Amino acid sequence: MATETKKEEAHDFRRLHSYPLIRHTDMPEEMRVEAMELCVTACEKFSTNNENAAKMIKENMDKKFGASWHTIVGEGFGFEITHETKNILYMFFGGNMAICVWKCS
């Protein structure tokens, strides 16, 4: 019974935090909104495959905003990157799914 209650609480927590939460960005407003919507779409479409979600985000960002975009999608990772100014987005989606998108040429 206690295990069942914990599972329900975890499910409720994910449902409550299913909105995108931007941790850091220096993108212009229009680019930020498009990138955020693209990240949410990719994570919903490929909810069980982070690699495909990252690939979809990268390919679409390359088409819309030029080449040299990089993407990380996953849980529990750290990073230190060099990026072009006004070209980074670090956000969370679905509670614990982190997405980092940046451009460096």
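If R₀ is 30 angstrom, what is the calculated FRET efficiency for the pair residue 64 and residue 18, using the beta carbon separation as r and rounding to 0.05?
Details: r = 25 Å, r/R0 = 0.82.
The formula returns an efficiency of 0.75 here.
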Applying the gyration tensor rule to the Cα atoms of the range 19-103 (axes a ≥ b ≥ c; rounded if a/c under 1.5, else prolate if a/b exceeds b/c, else oblate), the class is rounded
Express the relative contact order of the range 11-105 as a whole percentage, based on alpha carbon pairs under 8 Å and six or more residues apart in sequence. 38 percent
Pop out the carbon and sulfur fraction of the accessible area of the range 56-105 as a percent, whole number, probe 1.4 Å. 51 percent
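The values are calculated or read from the model by the stated rules, or taken from the named source; none is laboratory data. Since this is a predicted model, take the numbers as computed values, not measurements. In this analysis, Cβ positions are derived from the backbone assuming ideal geometry, glycine residues included, and neighbour counts consider all displayed protein chains. Surface areas here come from the heavy atoms of the whole protein model, side chains and all, with no ligands, DNA or RNA. Shrake-Rupley method; radii C 1.70, N 1.55, O 1.52, S 1.80 Å.
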